[in-house]
1. Given labels modelled 7 Å from the Cα in the Cβ direction, how far is it in nm from residue 64 to residue 123?
2. At a Förster distance of 35 Å, what's the computed FRET efficiency of residue 210 paired with residue 44, Cβ-Cβ distance as r, to 0.05?
3. In whole angstrom, how far apart do the alpha carbon centroids of the stretch 66-90 and the stretch 184-206 sit?
4. If the chain between residue 32 and residue 229 were fully stretched, how many nm would it gain, using 0.36 nm times the residue separation less the Cα-Cα distance?
5. Name the most mobile residue of 167, 56, 125, meaning the one with the largest mean-square fluctuation, in a Gaussian network model of the chain with Cα contacts below 10 Å.
6. Step through the residues of the stretch 50-62 one at a time and calculate ³J(HN,Hα) from phi using the Karplus curve (6.51 cos²θ - 1.76 cosθ + 1.60, θ = phi - 60°), rounding each to whole Hz and writing x for Gly and Pro.
7. If you build a Gaussian network model of the chain, linking Cα atoms that sit under 10 Å apart, which residue out of 218, 76, 177 swings the most?
8. Give the residue from 7, 62, 88 lying farthest towards the positive end of the charge dipole for the stretch 2-95; charges sit on Cβ (+1 for Lys and Arg, -1 for Asp and Glu) and the dipole is referred to the Cα centre.
Amino acid sequence: MEKKYQIVLLILFFILLTFISFLFSPFFDVRDFVFHSRTEIDKNELRTNINKFYGKNLLFLNEEELKKSLLKHNLISSVRIEKSFPSTVHVVIEERTAIAWLKNNEHKLIFSADGIILGEKKLDKELSVPQFENFPYYFSGNKIKFPHYTDDMIKVLNDLESNYLKKIKKVDFRDDIYRLYLRKGGGVNLGRNNKLEEKFAILNSILENNQDKEIDYINLQVTKHPVIKLK
């Protein structure tokens, strides 16, 4: 009876050992990364961020370490990791998008809502986002820092649809007054830093309702009484 018991224990031990060996076998080594994002991601651009994770055991993959590595890329704002056994990692990426550019050292610095510099272009390069002019700023690492009182404007621009944003050529901030300059049309006086979301909604409505007309000037300082001057 005791011998049978020993045999059973040996069999169980062998099964356990086989199972553990299987868990740590190359079968679960990471072989592929699949990226999911709103725009197509070039995996080669992220190669340095993911190289060291190839060959890691998927069961014990350190997801936080992988996230931190990917977030070092300036275009990535957030990451979600999903494991697909036996050997694939799905990476769901939220990308930063450009909201504006500013002139610095005879170049256009393109930046996101959180101030990350996304690129640098020559001054003759046309961009689909507006220019920031007369905004105070300074650099901190790879970020552009703006005063807190500009946060509302930056948030509104970040929330705009791309088709709306590209209609704006320039955002000027002078004497505590915001002025927009449209790519097609004249200037827009937004006034002070209040009710910006409402003002942009009114402006969008005006532009949609006057597509066949040439606008010379719009004043939205008083939202209840917008002024529109046509050419």
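Throughout, read-outs are computed from the coordinates displayed, never taken from laboratory work. Everything numeric in this text was worked out from a predicted model, so none of it was measured. Ideal geometry is used to build each Cβ from the backbone, glycine not excepted, and the neighbour counts take in all protein chains shown.
1. Going by the 7 Å Cα→Cβ label model, 4.8 nm.
2. Working: r = 45 Å, r/R0 = 1.30.
After rounding, the FRET efficiency stands at 0.15.
3. First find each Cα centre; the distance between them is then 39 Å.
4. The residue 32-residue 229 span can extend by a further 65.1 nm.
5. Highest fluctuation among the options: 125.
6. In residue order, the calculated couplings are 10, 3, 6, 9, 5, x, 6, 6, 4, 4, 10, 4, 7 Hz.
7. Most flexible of the set in this elastic network: 177.
8. In the stretch 2-95, that residue is 7.
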